[in-house]
Every structure is written in C-alpha cells, then in structure tokens.
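The values are calculated or read from the model by the stated rules, or taken from the named source; none is laboratory data. Remember, it's a predicted structure, so these values are computed and weren't measured experimentally. Here the Cβ is made from the backbone with ideal geometry for all residues, glycine too, and neighbour counts use every protein chain on show. For the accessible areas, the whole protein counts, side chains as well, though only heavy atoms, and no ligand, DNA or RNA atoms are used. Shrake-Rupley method; radii C 1.70, N 1.55, O 1.52, S 1.80 Å.
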2 protein chains.
Amino acid sequence: MKQTVLIIGAGGVAQVVAHKCAQNNDILGDLHIASRTKAKCDAIVESVHAKGAMKQDGVFETHQVDATQSDQVADLIRKTGAEIVINVGTAFVNMHVLDGCLATGAAYIDTAIHEEPDKICETPPWYANYEWKKRDACAEKGVTAILGAGFDPGVVNAYARYAIDEFMDEVKSIDIVDVNAGSHGKYFATNFDPEINFREFTGVVYYWEDGKWKEKSMFETGREWDLPVVGKQTAYQSGHDEVHSLATNYPQADVRFWMGFGEHYINVFTVLKNIGLLSEHPVRLAEGQEVVPLKVVKACLPDPSSLAPNYTGKTCIGDLVKGTKNGSDVEAFVYNVADHKDAYEEVGSQGISYTAGVPPVAAAILIAQGDWDTKTMKNVEELDPKPFFTVLDRIGLPTRVQIGNDDRPWNA
Amino acid sequence: MKQTVLIIGAGGVAQVVAHKCAQNNDILGDLHIASRTKAKCDAIVESVHAKGAMKQDGVFETHQVDATQSDQVADLIRKTGAEIVINVGTAFVNMHVLDGCLATGAAYIDTAIHEEPDKICETPPWYANYEWKKRDACAEKGVTAILGAGFDPGVVNAYARYAIDEFMDEVKSIDIVDVNAGSHGKYFATNFDPEINFREFTGVVYYWEDGKWKEKSMFETGREWDLPVVGKQTAYQSGHDEVHSLATNYPQADVRFWMGFGEHYINVFTVLKNIGLLSEHPVRLAEGQEVVPLKVVKACLPDPSSLAPNYTGKTCIGDLVKGTKNGSDVEAFVYNVADHKDAYEEVGSQGISYTAGVPPVAAAILIAQGDWDTKTMKNVEELDPKPFFTVLDRIGLPTRVQIGNDDRPWNA
C-alpha cells in the first residue's frame, strides 16, 4: 500500500486536488504540495485548513520546485518520502515530473498530455510522441503511471470502457461531449490556463473515423446536443487528448470529441486567433523586445482560479457510445453533472477545476488501495472503471447512465 | 524665403511627404529624411527615385536620428541646414522635435498632438498640455510652428475657417466627418500606427457643445451620413485633436468629430479593448517579463504601410458647418474625396497616408513661399485657408463645397 502524496502545481485544479487529498488523508497519509511559487501553495494549504478539510490530523507541507527540472522533482520526492505524485502543473512539465518518478519509484498521475512550449497540436497519437516512449521504462522499474486521469481525458475514458464492457458486444462509435453551461460573469475568461486552453483550438481538429485519422478545422462542425440537466447546447468537434488513446485502444470505433461553445466565446476566439494573438511564436515589438502573444493574452485574462466565487450553473460531460448487442443497435450516454457553486462552497474552486481535480485524487486513492497500482504505465480505459466510479461517487462526481428514457446511477 | 526640408519619420505618411517634397523640390530645395532606422529612410528615397519623383535634380539624403532627443534633432538641423522640419514621426516625439526647431530657428510642422507614451487621452484642450506652452517661446524667437497640418487635424480646420468666413455671419456648429470607404483586404488592420490609432478610441470621447466640454463613451453615438461619392456611411462620435483647437478658436460653435467604422472594426476593437489588449499599461507575464499589450497587438497587425498595394476604394473627409447669414440658417459641407489606388500609383502609399501626408507638404510650400511663414505658433484655422486650398488643389487633394444641391470646387 502506497502512501504520502506530493501534488505538483498550485492553480485552480491543484486547489481541488489539495482539498480532496485532505478529505481523504486517512487513506493517502502525509500530504505535500510544490510549485514554482511557494506562496501559491501556502495559500492553498491555508484554504484547506480554513475549510477544516483534513479528515484527520496530519502533515500538509508546502515546497518550492522548478518542475521542468526532473532532478529537482526527484530530490523533492526523496525528501518528502512521497510514494504517489499527482501532477497538475502545466502540461509543459509532465515528462520532467515523470522522469522524477522513474528515478525514485514513486507512482505518477497526470491529467493532460505533455506539451513542449515551442510546439502546438502535434500530429496524433500524441501520447506516442512523449509518454508512451517511457512505457517500457515504467514496466522495467515497476513504476505505476496513470496517464490522463482528469475528467477529459480520464473519467470519459472510463465511461467509454464501461459502456462498451457493460452494454455491447461490439463498439461502433464514441462521442465525448463536454458542455459547460455555467456563467462566470466576466466579459471573457478561460476555465483553464489560457495557454493550454487556446492551444487545444488553434490547431487542426484530429479525429478517428473509419479506422483512420481525419482532419477538420476548429468550429467547422457544430451540432446541437440535448443533454441531461443542462438541456440543448451546441458543441463543436475539437481535438482532445483522449481521442488519441481511445482510438489506439478501440481502433474499430469512430472516436470524436465535442466541446460546447457559445457564440461570444467563438467570436472572441476568432478575433484573437485571426489577429495572431493566440500564437506561441514570439513577435518582435517595435522597441526590440521579443514576446509570445499568447502569453500576453494570458496575462490580460482573468486568472481561471479567480472565477470561482461568482460562477453559477452546471457542467455536463459524458460519452455517447454506440454499438451492437446480440446483433441489435444499442447506445448509452454515460455522464456526470457538476455544479459550479457547490464546488466553490466545498473546495473554493469552480466546477471546471472541480471536475478536473477530483478524478486524479480518486486515482491516487485507487493506487493507495492497490486497485490501480499497476507497476506500469496505463491510460485510464486500460483499467477497471468500476472501482474508479465507486470512489468518484463517494468523493463528489457521481456517474449516471442514460439509455433511451431510462436515466439512473451507473450501479442502480 | 525658407528652403531645405528635413522630414522626421519613415512610416506610410513619411513616404507620401517624401514623394510630395520631391515633386516640389524646385520650391523646397534640398531634402533630408531621418528616423530611428535609417534603412527605412533609404527605402523611401529609393522609391522616390524609382518613381522619378524629383521635379529637378537635387539632394535627397537619409539620416539616423533618435527624435526623442531634442539635441540630436538640433544637431541634424544644423548639419543639414534645414529651414523647415516636417515632423511625421510618432506623436511621442513632437515636443522633442519642436525643441530642436526652437534651438535652431527652423520652422516646425506636425500633423498630430504630442502624446506622452505613458498617458492616454488626457483631458482637453490637449494642445494646452504641451504645444501651446511653447507659443511664447516661438514668438520670442520668431520660430514658425504650424500645428496639426495633416488632414484631420489640418485641412478640416481650414475647411471650418473657410465655411465660416465665406458663408456665415455666425457659426453654430462644426461637425467633422471622416469616412474611409476603402478596403484593404486584410482580416483587420489600422490605417495608422495602431498605438496612435487605438489610443484615439480607448478613452473618453470629448466634444464641445453649449460652450463647454462634454463627454461620451466611444461608439455611444452613431449616425448615418449621406456623403458625396462614398454614399451612406455610419460614423461614430469620437475624440479628435482638432476639436480642441477649434473649440478654443470658435467657442460659440458646437464642435464634434465623427469617424466612420464598419461593424467588423467595432467588433474587433471591442474584443481587444474589453480583454485589456489595447492597454498601454504594462502587464507582467507568468515568466516575469513586463510587456505593454498594445505594443504586442501592434506587432501582430499588418504594418499600415503594407496595406497600400491592395487598397481599393475612396475616402471622404469633410466639415458640415452650420450657422446663419443675414438672419437665415445656412449650412455648407466642405470636403475632399481621395482614392486609395490612385494614391498608391502616384506615391506608393494608401489613401489614408496620402490624405495625411500631402497637407504638411502644402504647409511647407506655403512657409517656403512666405504665405504661412508666421514666425510664431499657429493652428491651421488661424491661417488664411485660400492659399492652402490652392496648393492642395495642385498637389493632389482638391477641395469641394456642397451647399444644398450645389456641389462644386471651392473656387468655381
């Protein structure tokens, strides 16, 4: 049984991870959190204590680390004695944190694909560009690495696996739909780090259909979905991490991702993109200074974690999975609905951070309990979804299933 | 008779000024052009020779200067022997170039109000903040300084003076309308330096009505104008340099400025402004770098001088002046229509640069001829407009007058 958790990162998602780890420190043991700016970690741990979130008395220490330096990460793992690392720092640090885990034997959990700061929307399958190259190293050293264990990727991968295993002989398609029907009251804001958020939409939309990769441009294909609780919402086909691993694990299925956008978001995005302000390539100012426009946009936009206090409304994220059972067509929609205000009241973060931050803690609990302590590298759909759902039900993200007119908890 | 001209600046307007000076070097004598980047000056003089624009054989030399340093400007005036300086550099250098002229006795011409880089849309009357404080110094030293001698400010100030002198006993209102009905074929671009262009619209709209300054916000008041040649166009009340001097010289008249904008421009402007990307206040990036967002937007947008080759359509800029004559209401619209393609073919610049660059050369010719060699500081409406119109007719910006159904050249 592994214990002692080190959280890397101190943004909105890290805030959720910290609170949820604290609420489960009877299972997870001592807790540590580290980021480039220690003061941000201090603020998070203060908020944990302010909410009385620690289930039992225990350690919750803060540290400074440059997570782009794997030896600094390894040193911190040794110093803290962490056996589980939850990496919710920027996607630019993933491979460096993973290397730190490989050097020390600690289990690794992340929530997004590694990105190199100077590249954007590399060609699929993205996991093969970086993470999967370390699969053999993980197996050799017996290091547990759970990739993409947020909501999407993460929970939606488990939804796909569950729907296929439970209701189908054969899968035909997996459509993942992510709709935020909440309102933050600002003119414009992204729910995640703008650098990561925009980069998802500035490149080619890759999707898997008819057994091969196909391409679209962003906002080329939109469709109105009628979803539980949040109702009719327009979502657009987008590229997303989990399409790449699901297409590798279920090559016989079409795999697509749909992200909900309002007209205002699309207008602002289109203006910024067309002017070149979402570019990660530096421009030279008249005065000679070299600047990456996207980083300036990020600096001008509200900090995603600042949105929480006034965020209202709900999110709905789920998988519409189609296939056949005994020769007949079947389809199931496996989903979760989360509430922004509830999330803020519980952990001081908005619902988007909540849905991203709760699942990696569920994964950490499953590693601690042994259910998911794989001693090798796995994507979430390669693991048994049922213990995951059981923990998620308990810690705040219950799974529901809609089949025809029947809508019920997954295990009802 | 003053001769030998030094042009400060090397942007799109300076290009027009250089060509027009060359076409009139029989009157203006030796020509010099200087900017921070000498290579830009070299390119302009090359284009002058490529067009065969020099009316007679003569000097056209290029120089490097930091025009924010008045002693460098003074040294260059002495070195070149310039008796007339046409300042079409950024508005940030105005006072420094004027100081260079005061130190040497050279005549000074500019086309916009001085701005300090760290201030924006100061309270009116702007001229009183900087330029007019040097009026006594100009008079003492007998230095000719013609302020705001572009199109607007500049020609439109002369239009107001002319309409009042010619058609009225009493003036009631001056509405200046500036419509660019041209198309540059880019997603978005500004026709002038974006730093100056946007700063005009990010602050409060000041206008003069009922004998006092009033305030509006940008795009608060729009109105459809039915204009000669370009037809029906929507223009919005904006702040503009000439409102400030005209309100001082004609305090009995309401003075307003109207700028034409399409819906697309307004949308892009609104997005950039609301996000904070038009701010001249530095933001700190996550990596620690301090950056002025507006300078990044500028670096991303097309260089205004690059728009010229594909610019089509026309501009219409004029003054609707209302008043009374012998107790009856009268109104006159004094205006010019310019063509982008014609401008490019003649001087390699688009029509907006053309309308801004031709008038200061007309002013230089009037100083050289003695008509406007005032030996003190003047705004354009304080000078006789007729010789100005006569030169403008000859060098490319003919003045027309519309009264009721009658539409004719000003001197017909």
| Carbon/sulfur fraction of accessible area - the protein assembly as shown, other protein chains in place, 1.4 Å, % | 45
| Computed lengthening from A:R408 to A:E122, 0.36 nm per intervening residue step minus Cα-Cα distance | 99.1 nm
| Between A:E287 and the same site in the other copies, what are the distances in nm, shortest first, taking label points 7 Å from Cα along the C-beta direction? | 1.7
| Chains B and A: how much accessible area gets covered up at their contact, both sides added, probe 1.4 Å, in Å² to the nearest hundred? | 2300
| request: Find every distance from the label point of A:Y265 to the corresponding label point in the other copies (7 Å from Cα along Cα→Cβ) and write them in nm, one decimal, shortest first. | output: 3.2
| request: Give, rounded to the nearest 20 debye, the magnitude of the charge dipole that the stretch B:321-412 has about its Cα centre when Lys and Arg contribute +1 at Cβ and Asp and Glu contribute -1 at Cβ. | output: 160
| message | Using DSSP H assignments, which helices in chain A have an axial alpha-carbon span of 24 Å or above and a mean Kyte-Doolittle hydropathy of -0.5 or higher? | response | A:351-369
| Shielding by partners, peptide B:188-195 (average Cβ within 10 angstrom, other chains) | 1
| request: Please calculate how many Å² of accessible area the protein assembly as shown carries per residue, with a 1.4 Å probe and no DNA, RNA or ligand atoms counted. | output: 37
| task | Sort chain A into rounded, prolate or oblate with this rule: let a ≥ b ≥ c be the square roots of the eigenvalues of the Cα gyration tensor; rounded if a/c is under 1.5, and if a/c is not under 1.5, prolate when a/b is larger than b/c, oblate otherwise. | result | rounded
| Just which residues of the stretch A:300-331 lose 40 Å² or more accessible area with every protein chain there, against their chain alone, with the probe set to 1.4 Å? | A:C300
| Taking chain B and dividing mean pair separation by its residue count, relative contact order in percent (alpha carbons under 8 Å, at least six apart) | 20
| request: Answer rounded, prolate or oblate for the stretch B:163-249, using the Cα gyration tensor with square roots of eigenvalues a ≥ b ≥ c: rounded when a/c is under 1.5, else prolate when a/b is larger than b/c, else oblate. | output: oblate
| field | Minimum 50 Å² accessible area buried by the other protein chains, the stretch A:237-279 residues, probe 1.4 Å, relative to alone | value | A:V271, A:I275, A:L277
| A:T399 accessible area, 1.4 Å probe, all protein chains in place, Å² to nearest 10 | 0
| note | From DSSP H assignment alone, runs of 4+ in the protein assembly as shown each adding -39500 (n - 2.57), the sum over residues rounded to the nearest 500 puts [θ] at 222 nm at -11000 deg cm²/dmol
| Does the protein assembly as shown come out rounded, prolate or oblate, given a ≥ b ≥ c as the square roots of the eigenvalues of its C-alpha gyration tensor, rounded meaning a/c under 1.5 and, failing that, prolate meaning a/b above b/c? | prolate
| note | Plugging the Cβ-Cβ distance of A:A39 and A:T234 into 1/(1 + (r/R0)^6) at R0 = 41 Å yields, to the nearest 0.05, a FRET efficiency of 0.50
| message | Using a Gaussian network model on chain A with a 10 Å cutoff between Cα atoms, which of A:D30, A:D175, A:D136 fluctuates the most? | response | A:D136
| note | In terms of the charge dipole of the protein assembly as shown, which places +1 on Lys and Arg and -1 on Asp and Glu at the beta carbon, the residue among A:H244, A:G29, B:N157 farthest towards the positive end is A:G29
